[in-house]
Amino acid sequence: LTPDHYTLTSVLKATSSLSLNKQVHVHAIKTNNVGDSFVSTALIDAYSRNKCMKEAEVLFSRNSFDLVACNAMMSGYTQSNDGDKTLKLFALMHKQGDRSDDFTLATVVKTCGSLFAMNQGKQVHAYAIKSGYNLDLWVSSGVLDMYVKCGDMKAAHVAFNCIAAPDDVAWTTMISGCIENGEEERAFHVYSQMRLMGVLPDEFTIATLAKASSCLTALEQGRQIHANALKLNCSGDPFVGTSLADMYAKCGSIDDAYSLFKRIEMRNIAAWNAMLVGLAQHGEGKEALQLFEQMRSLGIKPDKVTFIGVLSACSHSGLVSEAYKQIKSMDRDYGIKPEIEHYSCLADALGRAGLVREAEKLIESMSLEASASMYRALLAACRVQGDTETGKRVATKLLELEPSDSSAYVLLSNMYAAASKWTEVKLARTMMRGQNVKKDPGFSWIEVKNKIHLFVVDDRSNPQAELIYRKVKDVIRDIKQEGYVPETDYTLVDVEEEEKERALYYHSEKLAVAFGLMSTPPATPIRVIKNLRVCGDCHNAMKYIAKVYGREIVLRDANRFHRFKDGKCSCGDFW
């Protein structure tokens, strides 16, 4: 029996195998069926699905094709990351007066999102409204996704509200868009609406919300999302498990993160990387390296992100020789060329260990161009080590890369202030004003009963300000009796010693911890986030507060987590 065009079309639709598709193509040529519009369109579709666009274009150019063939071509271009050709073909169709359907518009608007081409996306949206396809869920979801990817959340909210009955994909797109565009709190509001509408979230929704909790460092919100995952029986999903473990680590609960990680049955490389980076941020360098060895013993091949976690662990734990060993192992054992992020970790490890000159030589000898973050980390190390000579050179290079970087001026000014070089301090601040650069204010925040309380230095905006300041005085009195001595070197102003001490008492992190002592039950951990590096005096004070009040204090600053317990910090005073 000889197959006809119906047979060939059905076979092409039934398989995604490229080799089999080519055999059918050959057979169609031999049996003189390749000229049939159904067969040729099916062949275009088959080649497009396999991203073989040259073969598809040959077939497409030899015949005059209908909408189905055009849709197959546009879908193939989009899947092959050649969106410009998708838009050109759509423009040609429109120019020739060919009609479009829901598949056409959904494909084209998806392409606009991928290319961040909002002007074209708006035109497609307008065309969908005129042709009545804006009510189609597939098209309207695509329009929503386009606005989200282009960063226009106002238009995204309007597009979402026009969808009569959003499905789980549309809800998740909206939630994900809020997170990607810095509206994490709104993401939880959208999720609440989703549940009220009776739409059940899927694994991707849960993982996305776990990411939102990470961004906000909202541990209680994250725990609620974890509870939802358990109720929906999707906590065993590797994607969800990895996102939740990452959330716990970034919210300062590394024990919960590790416990969850061990319960993930099918651990992919992302899960291992999340745990390695989490341990590194918490200063658990030895545990991170042990986990890395366990990973290698199981035959899991590390990637470049893995080595960022490993090198960060070395940096945060002062393991300089181990950092050198691992960066050599990358290329030698795994064929992974060290990138700027890996060298940044190595330079950071050297700087933290006090080897600022060696770190400077490393940056100068690199074949890669040094990043501003590398110079910023090295300048911070110069400030800690009191190396004003190296610091001045590093600051000059940092300002060449980023003239408007406020941290460069602030670190330089603080370095001179710590060395009591007040003339140089004034000069650095004059330079900063001359460039019209403003310093980012330091602030700390604490979450109590699902509400964020934010503090800045000498802050009295909180309704309970009087009680908080009274508590700070009590805390300072209690820890002084235990042996705390204010480290006035960290008061970077030229004033009397007594004024320096008072200035230290009301730093934002001390205010946040005092509020935590007032507002949380005894023996529960206090978790505080700070946007800048914690100062040495506050770090010392936290150790005494943890010991005197029998509390565990988890403080996350711009560099890492500090876990204070029984008068000690997890960083080993190395940060």
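Ordering of 147-154, 173-180 by packing is 173-180, 147-154, highest average first (other Cβ atoms within 10 Å, averaged per residue).
Cα-based radius of gyration for region 57-124, normalised by 2.2 N^0.38 Å, reads 1.03. For the cross-link pairs Lys22/Lys51; Lys426/Lys568; Lys304/Lys438; Lys51/Lys211; Lys449/Lys471, the ones whose C-alpha atoms lie over 25 Å apart are Lys426/Lys568; Lys304/Lys438; Lys51/Lys211.
Measuring how big region 103-224 is from its alpha-carbon positions, Rg and Dmax come out at 14.4, 47 Å. Of all DSSP beta bridges confined to the chain, the antiparallel ones make up roughly 80%.
Distance between the C-alpha centres of region 504-546 and region 425-445: 25 Å, rounded to the whole angstrom. How large is the Kirkwood hydrodynamic radius of region 362-481, in angstrom, based on all distinct alpha carbon pairs? The answer is 17.1 Å.
Considering all C-alpha pairs of region 1-160, those separated by over 24 Å amount to 39%.
Neighbours of Ile308 by Cβ distance under 12 Å: Lys/Arg scored +1, Asp/Glu scored -1, total -3. Overall, region 325-459 carries a charge dipole of about 300 debye about its Cα centre when +1 sits on the Cβ of Lys and Arg and -1 on the Cβ of Asp and Glu, all other atoms neutral. In whole angstrom, region 230-285 maps to an equivalent ellipsoid with semi-axes of 19, 12, 8, each derived as √(5λ) from the alpha carbon gyration tensor and ordered largest first. Dipole size of the chain about its Cα centre, with +1 on Lys/Arg Cβ and -1 on Asp/Glu Cβ: approximately 80 debye, rounded to the nearest 20.
In the full protein context, region 356-412 carries 47 Å² of accessible surface per residue, based on a 1.4 Å probe and ignoring ligands, DNA and RNA.
Across region 385-448, the volume of the C-alpha convex hull divided among the residues equals 114 Å³ per residue.
Shape annotation for the chain: C-alpha extents along the principal axes are 98, 55, 53 Å, from largest to smallest.
Short version: what are the Cα gyration tensor semi-axes of region 254-332, square root of 5 times each eigenvalue, largest first, in whole Å? They are 20, 15, 9 Å, listed largest first. Roughly what percent of Cα-Cα pairs across region 1-62 reach past 15 Å? That tail contains 40 percent of the Cα-Cα pairs. Count Lys and Arg as plus one, Asp and Glu as minus one, and take only other residues whose Cβ is under 9 Å from that of Gly278; the net charge is then -1. Average 1/r across all pairs of distinct alpha carbons in region 188-265, invert it, and you get the Kirkwood radius: 12.2 Å. In the context of the full set of protein chains, region 57-108 has a per residue accessible area of 52 Å² (1.4 Å probe). Protein heavy-atom surface of the chain, 1.4 angstrom probe: 52% of the accessible area is carbon and sulfur, with nucleic acids and ligands not counted. Per residue, the chain reaches -21000 deg cm²/dmol at 222 nm when only DSSP H runs of four or more residues are counted, each adding -39500 (n - 2.57).
The values are calculated or read from the model by the stated rules, or taken from the named source; none is laboratory data. Nothing here was measured: the structure is a model prediction, and the numbers come from that model. Please note: Cβ atoms are built from the backbone with ideal geometry, for glycine as well, and neighbour counts cover all protein chains shown. Surface accessibility is based on the protein's heavy atoms, side chains included, excluding ligands, DNA and RNA. Shrake-Rupley method; radii C 1.70, N 1.55, O 1.52, S 1.80 Å.
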